[in-house]
Amino acid sequence: FKFRLCAKLAEEKFNLETSDVLKAMFRLSAAEGGRQQFAQRTTSPLTVQEIFDALQTAESETDPISRDKLLQYIQILSNDSVGLVSKVSQGTGVVTGSTQFVVNVASIIRFLRERTMHSILTERYVDDTEATNGVCARIYQVLLHAKYAEQNQVADLAMIPMKEARIHLYQMYKDKYITYQEVPRRDHNPETTIFLWCVNNSDEKFVVVVDDLHKSMLNLRLRQEHEIEVHKDMLEHEEQHEQDEHEAEKVRAFKDVRNRLDQAIVNLDEMVLMFDCDI
């Protein structure tokens, strides 16, 4: 599952061929390390020649990748801000005959988790004031990049009033998405203690996230059951009688809702697996 997420991200950021490169590295790594390899933070180190040979025998929707294009893709994957691929052996230039590369599985999963966190926070903290929607997600991103920040710094970087920053920081702290560290001054006076806010990187945060995702899945399944119950007579009529255009349109609308609910549940299930997997 982790490898599939990594390959999907490469396709999303670049193209299908870069995804094929990662898939080839995953196959080789799994063959070398067996099932244990799937728990590693990176794939096994592989040379360009090994990757190239694996691509020639792999089934793909694209034409075989040339060696020059493979070198280009490895360079792109290595230079990307996420750091999908890294060079792990010594050598000058991009590659030598013995240069080896790995897929940074843990780094990719961390990136996907934090990107998903932005969406989760945007949807979780919604109120009637449109101007404040998305503020908590913005604060989270500020802390993610700044590592540590005082309340006034958070307000400045998130471009929100100090009072609003204090309210949202407390909300997110209460929900275990962020935490803080106390930095006492020399006189140890509580009134002069500095509070540095930061992202909560403990497993506690992900427990909260997964719990929220499970609740969302339950709500979607209850909505599914409700839709089926409400339209039960219509579905039975569809099976037994020929429909007019109005009835057929109602059936199509129901099936569209059902399919969207099914896809939403699948998406949430993948999110749960992503937050639950070991890295």
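For the reader, a short list of remarks on this structure follows.
- Criterion: open to solvent by 50 Å² or more (accessible area, probe 1.4 Å), modelled with pLDDT under 85 and aliphatic (A, V, I, L, M) - qualifying residue of ALA30, ALA58, ALA39: ALA39
- Taken over region 191-237, the residue count meeting the criterion of being open to solvent by 100 Å² or more (accessible area, probe 1.4 Å) and either in contact with a Ser or Thr (Cβ under 8 Å, 6 or more places away or on another chain) or part of a loop (DSSP other than H, G, I, E, B) (or both) is 1.
- First in region 3-19 and free of Cβ contacts under 8 Å to residues at least 60 places away in the same chain and closer than 15 Å to ASP80 by Cα, second anywhere and outside any loop (DSSP other than H, G, I, E, B) and open to solvent by 70 Å² or more (accessible area, probe 1.4 Å), Cβ under 6 Å, 6 or more apart: ALA7/LYS23; SER19/GLU11
- Enumeration of residues in region 189-223 that are under 25 Å from the mean Cα position of the chain (by Cα) and among the charged types (D, E, K, R): ASP203, GLU204, LYS205, ASP211, ASP212, LYS215, ARG221
- Listed by first and then second residue, the pairs with beta-carbon distance under 9 Å, at least 6 apart or on different chains, first residue in region 238-252 and open to solvent by less than 100 Å² (accessible area, probe 1.4 Å), second of a type in the set (A, V, I, L, M), are GLU238/ALA248; GLU238/VAL251; GLN243/VAL251; GLU247/MET234; VAL251/MET234; VAL251/LEU235.
The values are calculated or read from the model by the stated rules, or taken from the named source; none is laboratory data. Note that the structure is a prediction, hence the values are computed from the model and not measured. Reconstructed Cβ throughout: ideal geometry from the backbone, glycine too, with neighbour counts over all protein chains shown. The protein model used for the area step is the full one, side chains on, heavy atoms only, and it has no ligands, DNA or RNA in it. Shrake-Rupley method; radii C 1.70, N 1.55, O 1.52, S 1.80 Å.
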